[in-house]
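The values are calculated or read from the model by the stated rules, or taken from the named source; none is laboratory data. Here the structure is a predicted model, which means the values were calculated and not measured. Backbone-built Cβ (ideal geometry, glycine too); neighbour counts: all protein chains shown. Protein only, heavy atoms only, side chains kept; ligands, DNA and RNA dropped before computing areas. Shrake-Rupley method; radii C 1.70, N 1.55, O 1.52, S 1.80 Å.
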Amino acid sequence: MKIRLLTLLILFLAYFPSKADDAGSLSTANSPKVVLRFNINENIAPAVWRKTKQAFAEADSLHASLIVIHLNTYGGTVLDADSIRTKILNSPIPVYAFIDNNAASAGALIALSCDSIYMREGANMGAATVVNQTGQAMPDKYQSYMRSIMRATAEAQGKDTIVSGQDTTIKWRRNPKIAEAMVDQSLYIPGIIDTGKVLTMTPTEAIKYGFCEGMVSNIQQVIDKAGLENYVVKQYKPTILEQFIGFLVHPMVSGILILAILGGIYFELQTPGIGFPLGVAIFAASLYFAPLYLEGLAANWEILLFVVGLILIAVEIFVIPGFGFAGIAGIILTMSGLILSMVGNDNFNFDNVPAKALSRAIVTVLGAFIIVFFFALYATKLIFASHGGPFRNLALNTAENKEDGFIGVDAGTSQMIGKSGVAVTVLRPAGKVQVEDDIYDARAESGFIERGEEIEVIQYQAGQLHVTRKK
């Protein structure tokens, strides 16, 4: 009897967990699949690469069944496009591309790396020749690299080996030679492209040559082509931090931050000690460089240029009298650090920097310098010294006139004008003189005065007697 009850208990425990597992599996099977939509509708740059990593991480956390990239770009930097390409090729989640209008240059490379490509009617894909900021083709070593990654990306989509009798034919899903023709204008492919031209394909041509799975009008149709039925579309949206970074790198905001940096430094130099203006400058510098550093634009050495420039300016002001090499070098380094951090140069290699971006950076920084210069001339008195200024109590508002009894030197020294003495040292033109029983610093008004000659005091200025040879 006990053995029979124990057997029933074991069967009971074994039955219900399995039923619970079946219920859980059924619930999972019936839950809608997730499709993540990710838009690339801007020039390919470090910001797009960073967003791509975040979008794929979100797709992984959502256990997405499909990623659809809504693509509309004229291209961008090869380095970032190659990083995005690698991310797509290594993705365990299928990635489809929907070319809404343009997939040119770096955009063509990104589209080529996707598992399936769908194009809107009137769209195009290709023209992947590497060009500089003026639109001219780069030297062959750059083209060679781009040709190789275009071929490798096409080859990564696989091939079929067809055996017919004693003949073996390899059929690529996406022909590497056609992919290479998007870069190399010297290639000739019969019926497809002549030499001297770079290949750009329409949807019809892309479908014909195996580079497009079909023409569609929207994302919904792309998902339908994937065969998904029970699904929900999740749109990738940049985080608040990403939006804030995008706000800070806007040229207008960058210009305002540069104004705050320069203005804070200027007003700090006009006030004793370390105070509020320096804090404003440091805070503005942090907001200026931090997002550019995250974008991959500002390198460590560019930030170091800016800091060294500030140090040289401070040395020129506080240590070296006058204004010379240190001050000029400091201004040049400071401006260079601000300008170079705004463009993605590769250690002073501006071949891949758009001319528009470089000119915009130069105009932004130079404009800020000019505005701060003229503002400083006017605002110093307006803000600090004016009777109606908001910070009028932080500065001296009254003039210490001589008529009111204000004298910056010993009154007795100024009364020595007209007295006679003797040169203690040779004055050429500066030296020492003795007037009555005291020794003074003196300067000969004209010519040299030999030691022992009699002198006469004619003027007192800047703590020094001005003398002439006594007649």
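Computed about the Cα centre, the dipole magnitude for the stretch 61-215 is approximately 140 debye when only Lys and Arg (+1) and Asp and Glu (-1) carry charge, each at its Cβ. Full extension of the chain segment joining T86 with I170 gains 27.8 nm, where the gain is 0.36 nm per residue of separation less the Cα-Cα distance.
Ordered by solvent-accessible area of protein heavy atoms (1.4 Å probe), largest first, the residues K208, K471, K432, K225 come out as K471, K208, K225, K432.
Using the Cβ-Cβ distance between M416 and D224 with R0 set to 60 Å, the FRET efficiency works out to roughly 0.05.
Above 17 Å lies some portion of the pair distances; for the stretch 50-134, what is it as a whole percent of all C-alpha pairs?
Details: 1611 of 3570 pairs.
Considering the stretch 50-134, 45 percent of its Cα-Cα pairs are separated by more than 17 Å.
Which of the residue pairs K87/K177; K53/K225; K177/K237; K141/K225 have a Cα-Cα distance greater than 31 Å in the structure shown?
Values: K87/K177 23 Å; K53/K225 25 Å; K177/K237 37 Å; K141/K225 39 Å.
Checking Cα-Cα distances, K177/K237; K141/K225 exceed 31 Å.
A simple spin-label model places pseudo-atoms 7 Å from Cα toward Cβ; at Q459 and I328 they are separated by 3.0 nm.
Per-peptide packing, taken as the mean over residues of other Cβ atoms within 10 Å, places 209-218, 42-51 in the sequence 42-51, 209-218 from highest down.
Extending 7 Å from the Cα toward the beta-carbon at both F283 and S217 defines two label points whose distance is 5.3 nm.
Using the Cβ-Cβ distance between S144 and A430 with R0 set to 60 Å, the FRET efficiency from 1/(1 + (r/R0)^6) comes to roughly 0.30. For the stretch 93-98, the Karplus equation 6.51 cos²θ - 1.76 cosθ + 1.60, evaluated at θ = phi - 60°, returns couplings of 8, x, 10, 10, 10, 10 Hz by residue, with Gly and Pro reported as x. What whole number of Å gives the distance from the Cα centroid of the stretch 410-461 to the Cα centroid of the stretch 217-239? The stretch 217-239 and the stretch 410-461 have Cα centres spaced 94 Å from each other.
Remark: the stretch 49-108 carries 37 Å² of accessible area per residue (probe radius 1.4 Å; ligands, DNA and RNA excluded).
Once the Cβ-Cβ distance of I240 and I371 is raised to the sixth power relative to R0 = 45 Å, the FRET efficiency obtained is 0.90.
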